[in-house]
Amino acid sequence: MASSRPFSYVLRTVTIFALTGAAVGIPAVGADAVPPPPTPATCQESRQQFIRNGEAAEKVAEQLNDARVARVKLQRAYAAADKRARAVNAQYGVLASDFKQIVSGELKSAPAGQFAAFFTSRSPKDFADQMALMDYVANRKSEKIDQLAVVRAAAVKTQADAQAKLSARLKVEREIAAKAADLRKRGTSLSALQARLCAADNPVVQAVRASRSTVRLPIGPASGAAQKAVQTGLAQLGDPYSWGAAGPSAFDCSGLTMYSWAAAGVSLPHSSSAQYGVGQHVSRSEVRAGDLVFFYSPIHHVGLAINNSQMVHASTYGVPVKIDSIDNFPYVGATRVG
């Protein structure tokens, strides 16, 4: 049986999971337990695990974003179906009333019938006129019956479709809650791994250093809107990564691109795979400032191009918004949205 809890409860659950995931740590072994100092070997192993787990978690996070986008579409579809059902039912009522009037009129004239018309006609022409009138009424009644049947079938189908969409929406809500719980578990693992990283291998330290050295990179040729989007993205350098976040002080990958382009007046869905379907696709050689660049298959990461070689992006859990080379990641494609 579908859950009867309101969707706001699910959203609160998702938000709590997403926000608390970063704060969850490994349970202490004992009050006085002190972890051994990391060695280069353990640091390297921890870094590799951190990167792998972070990428896996980001994939889940983008699936969560996809589920949210799908939920919004289902809500809109359900609203449209419900509106259509109401309109069809209203039309059905009008036709039903008209049909009753026709039947009532037929019943009143039924005692006369065709034989009565024959014997009461003053001439063959008069009889033909009466029969033509009766045929007209009968045909009109038949047409109305057919219309009623079509309207009734349409109403039933529309209502069934609306119910199916509603059921699908509830299923999406349950999937969102399950994915949020999975992110919480991954947050625990990533927090533990990050605590074991050496400073030289810590992606947070590297991200800060890289951003400081590249923040003055020139923005490539672009439209005014694209310039605005890139400037907005660069202004978020150093902001933390947070699953499901779209600003103003924390972001995930599609949240950052959505936030950056919103500043330029362009609305994007909060999902990397959904963003891939927006705008005009361009080749790798044509990528310029403001373009959205996508990675992995299936797509679960997106960045904002600064020029043809670099991008600003919210890369992964535990790493702040930073600048990277586009070619450092498994490139899939790019789109131009403004």
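The values are calculated or read from the model by the stated rules, or taken from the named source; none is laboratory data. In this text the structure is predicted, and so the values were computed from the model without any measurement. Note: ideal-geometry Cβ built from the backbone for every residue, glycine included; neighbour counts use all protein chains shown. These area figures cover heavy atoms from the full protein model, side chains too; ligands, DNA and RNA do not enter into them. Shrake-Rupley method; radii C 1.70, N 1.55, O 1.52, S 1.80 Å.
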Give the range 324-336 a look and list any residue that's open to solvent by 10 Å² or more (accessible area, probe 1.4 Å), among the hydrophobic types (A, V, I, L, M, F, W, C) and in a strand (DSSP E or B), or say none.
Val332
Among (1) outside any helix (DSSP H, G or I); (2) at pLDDT 90 or above, which single condition is Thr232 missing?
(1)
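Take Leu237 and decide whether it is out of contact with any Leu (no Cβ under 6 Å at 6 or more places or on another chain), of a type outside the set (S, T, N, Q) and at pLDDT 95 or above.
Values: out of contact with any Leu (no Cβ under 6 Å at 6 or more places or on another chain): yes; of a type outside the set (S, T, N, Q): yes; at pLDDT 95 or above: no.
Here the answer is no, as Leu237 does not meet what is asked.
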Step by step: first the residues of the range 235-250, then only those that are assigned to a loop (DSSP other than H, G, I, E, B) and of a type in the set (A, V, I, L, M, F, W, C), then the one that is surrounded by the most Cβ atoms within 10 Å (Cβ to Cβ). Which residue is that?
Trp243
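Residue by residue through the range 264-277, note down the ones that are under 17 Å from Ser223 (Cα atoms) and either open to solvent by 40 Å² or more (accessible area, probe 1.4 Å) or of a type in the set (Phe, Trp, Tyr) (or both).
Initial filter on the range 264-277 (under 17 Å from Ser223 (Cα atoms)): 264-267.
Of everything in the range 264-277, those that are under 17 Å from Ser223 (Cα atoms) and either open to solvent by 40 Å² or more (accessible area, probe 1.4 Å) or of a type in the set (Phe, Trp, Tyr) (or both) turn out to be Gly265, Ser267.
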Residue within the range 82-92 that is in a helix (DSSP H, G or I), open to solvent by less than 50 Å² (accessible area, probe 1.4 Å), of a type in the set (Val, Ile, Thr) and at pLDDT 80 or above present:
no
Per the filter on the range 278-312, residues touching a Phe, Trp or Tyr at 6+ places or on another chain (Cβ under 8 Å) and open to solvent by 10 Å² or more (accessible area, probe 1.4 Å) are Arg284, Tyr296, Ile299
Given (1) within 13 Å of Ala226 (Cα to Cα); (2) modelled with pLDDT under 95, where does Ile323 come up short, assuming only one miss?
(1)
Cβ-Cβ under 6 Å pairs, at least 6 apart or on other chains, the range 55-73 side within 16 Å of Leu268 (Cβ to Cβ) and open to solvent by 10 Å² or more (accessible area, probe 1.4 Å), far side β-branched (Val, Ile, Thr) and part of a helix (DSSP H, G or I)
Ala70/Val172
